[in-house]
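The next block holds one structure in the form of structure tokens; read it before the comments.
Nothing in this text is a laboratory measurement; each read-out follows from the coordinates by a stated rule. The structure presented is a predicted model; accordingly, all values stated were derived computationally and were not measured. Cβ: placed from backbone, ideal geometry, glycine included. Neighbour counts: every protein chain shown.
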Amino acid sequence: MANATKHALAGALLELLNTTTLDNITVKDIVERAQVSRQTFYYHFGDVYQLLDWTFQCAIRELGEMREENWRDRLLMAVEFLRANRALAMNVYHSLGMEHLARGLEAAVRDLLTVAPEDAMKWLPTDPEDQEFLLSFFSYGVMGIIIRWLDDGMPEKLDHMINEIYALTHHGEGAPLLPEPSRGTRRDGEEKK
């Protein structure tokens, strides 16, 4: 029952975001649309932003459960959803602070880069530090491209950029993007002791 209530609140928020920016949506608006009490809202969420975070996390989980075999196809499907729900996407974009938006997008992209069964970690080197570096590099890169795309009004060229990034991560199938360090040397050129 609690999960159904949370989903009802999330659905009400998404409906409202189709016509209103987030900073103009109140708890009262959401509970009226979801037909629940304010007390019920505050039982589950501290404020509208917490509800948005939860809604965003649900969307990320759904992306991870898609049948598509690689992160590019999943990301392209998410982009199609944003295009189909342009008003909602732009209302969220213009409402959220850049830090909040960037944090959520980076987490979503990072999840996409690591969970697709076909792609799972093949393009990453075995060294954990190198893995973290490349995951951060690509997730922040994709996030930056998405933010710029939203800022430019969602032009079509995003699909091409996503395909280029995917090609870069798969430059030589099975070959990691960073070479493994030579035995006995460190990346900074110092000898291991």
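Starting from the Cα-Cα distance between A107 and T19, subtract it from 0.36 nm times their residue separation and give me the gain in nm to one decimal.
Values: separation 88, 0.36 × 88 = 31.68 nm, distance 2.65 nm.
Full-extension gain reported as 29.0 nm.
For A87 and D127 in the same chain, what is the full-extension length gain: residue separation times 0.36 nm, less their Cα-Cα distance, in nm?
Working: separation 40, 0.36 × 40 = 14.40 nm, distance 4.25 nm.
Full extension of this stretch gives 10.1 nm more.
Show me the three semi-axes of the equivalent ellipsoid for the stretch 1-95, from the C-alpha gyration tensor (sqrt of 5 times each eigenvalue), largest first, rounded to whole Å.
25, 16, 10
When Lys and Arg each count +1 and Asp and Glu each count -1, what net charge do the other residues less than 12 Å away from G144, Cβ to Cβ, add up to? If you can, show how the numbers build up before the last one.
Numbers: positive: R148; negative: E106, D151.
Charge balance in the 12 Å sphere: -1.
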